[in-house]
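This report refers to the structure that appears directly beneath it.
No lab work stands behind these numbers, since they all come straight from the coordinates. Computed from a predicted structure; not experimentally measured. Ideal geometry is used to build each Cβ from the backbone, glycine not excepted, and the neighbour counts take in all protein chains shown.
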Amino acid sequence: MMLRRLLRSSLTLAAPSLRLQEKILAPSLDGKQVAVVPAINWFMKYSSGPAGGDSGSPGSRVAADSATHEDFQPTVKSSGFSLDDIVRQDVKENPVMIYMKGVPDAPRCGFSALAVKVLQQYGVPIGARDILSDLQLKESVKNYSKWPTFPQIFINGEFVGGSDIILSMHQKGELKDLLADISSEKKEADA
């Protein structure tokens, strides 16, 4: 009962104005007045917007905690490469490159799992990136290939398609011809 009254008074004082209030005096279980911090203060401290957080940057939703040691503060490091550059480099350097949901050892989508399973039958090295871990990468890949869905498979630097196209090429024997050079290069490198 007392806890319910404490919460109600804390929310009543904080919610109407949504102003940050340092402390509110509220009755404790033993009848004394205790200073408490309303829950809204904690929410506002770690959310973006005019009342708290990092209101200047739309990509940042959590403010840096001033009580956290500088070693654990968020940092932004730039490699000098844009995501478009990374996609171009991936496609150029990997004879078989797949942008998928998950990774080849743990696909997170049936279509991605199907594409990986078909490609693995040829014993070719597969470069892969998880588009679910970076939505900006996902958009860069879509812009690069001009194709809206995933997985996206590139072979010898050219966009081939998704799992349905790879499966169809496999069933027609076309994929074997396309991957022949890559699988023979791998066998020579292994020997």
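Tabulated values for the structure
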{"item": "Estimated distance in nm for a label pair at Asp177 and Asn156, the labels positioned 7 Å out from Cα along Cα-to-Cβ", "result": "1.1 nm"}
{"item": "Antiparallel bridge percentage (DSSP; both residues within region 79-191; nearest 5)", "result": "70 percent"}
{"item": "Equivalent-ellipsoid semi-axes of region 83-190, from the Cα gyration tensor, Å, largest first", "result": "21, 15, 13"}
